[in-house]
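Student: I'd like to ask some things about the structure below.
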Amino acid sequence: MLGAAVATVDLDGMLREFVPRRHLETTAPTLGAMLEELEGKYPRLRGKLRDETGTLRPFVKLFRNGTEVGRAGWEAEPLGTSDVVDVLHSIQGG
């Protein structure tokens with residue numbers, strides 16, 4: 001995609017087993033589109049980050065350029081050139 005904005009996606013170690021590498025690139029315009037893209041390319045991620053309704057799971061946190069993205073409206077959060085998105089998946093259970 002010549003001329004498309006490229007953002008970097010960094011996945012934490014908990015998600016590493018589901019993708020070929022820890023650092024990925026996306027041309028998605030929003031965080032919601034980014035997760036759609038990642039789940040499309042790496043089907044084993046489905047269900048790990050969002051539930052069946054598309055809601056971000058409570059133990060998943062998204063950071064854009066070092067700032068945590070809020071739970072409300074996260075899907076529409078825009079991504080631009082040189083943005084870095086960190087996807088953190090904490091351990092759940094007891």
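Student: Report the charge-dipole magnitude of the chain in Debye, nearest 20, computed about the Cα centre from +1 at each Lys and Arg Cβ and -1 at each Asp and Glu Cβ.
Tutor: Dipole about the Cα centre, nearest 20: 260 debye.
Student: Multiply the residue gap between Met14 and Arg57 by 0.36 nm, knock off their C-alpha separation, and tell me the result in nm, one decimal place.
Tutor: Extra length from Met14 to Arg57 when fully extended: 14.1 nm.
Student: Using the 10 angstrom Cβ neighbour count as an exposure proxy, how do Asp51, Asp86 rank, fewest first?
Tutor: Asp51, Asp86
Student: When a footprinting reagent is the concern and you count Cβ atoms within 10 Å, what order do Thr27, Thr55 take, fewest first?
Tutor: Fewest-to-most ranking of Thr27, Thr55: Thr55, Thr27.
Student: Angle, helix 31-41 long axis vs. longest principal axis of the chain, Cα atoms, 0 to 90°, nearest 10?
Tutor: Roughly 80 degrees between the two axes.
Student: Please identify, among Thr53, Thr81, Thr30, the residue showing maximal mean-square fluctuation in a Gaussian network model of the chain using a 10 angstrom Cα cutoff.
Tutor: Among Thr53, Thr81, Thr30, the largest mean-square fluctuation in the Gaussian network model of the chain belongs to Thr53.
Student: Using Cα pairs closer than 8 Å and at least 6 residues apart in sequence, work out the relative contact order for the chain, in percent.
Tutor: 39 percent
Student: Another question about this same structure. Counting DSSP beta bridges in the chain, what percent are antiparallel, to the nearest 5?
Tutor: The answer is about 75 percent antiparallel.
Student: Further question: At a Förster distance of 25 Å, what's the computed FRET efficiency of Arg21 paired with Thr81, Cβ-Cβ distance as r, to 0.05?
Tutor: 0.75
Student: Which order, highest average first, do 16-24, 57-65 follow once you tally other Cβ atoms within 10 Å for each residue and take the mean per peptide?
Tutor: Highest to lowest by the protection proxy: 57-65, 16-24.
Student: Pick out, from Gly32, Leu79, Leu15, the residue whose Cα sits farthest towards the positive end of the charge dipole of the chain, with +1 on the Cβ of Lys and Arg and -1 on the Cβ of Asp and Glu.
Tutor: Leu15
The numbers here are math on the coordinates, done by the rules we state, and not lab data. What you see is a predicted model; the values in this text were computed from it and never measured. As a convention, Cβ positions derive from the backbone with ideal geometry for all residues, glycine included, and neighbour counts pool all protein chains shown.
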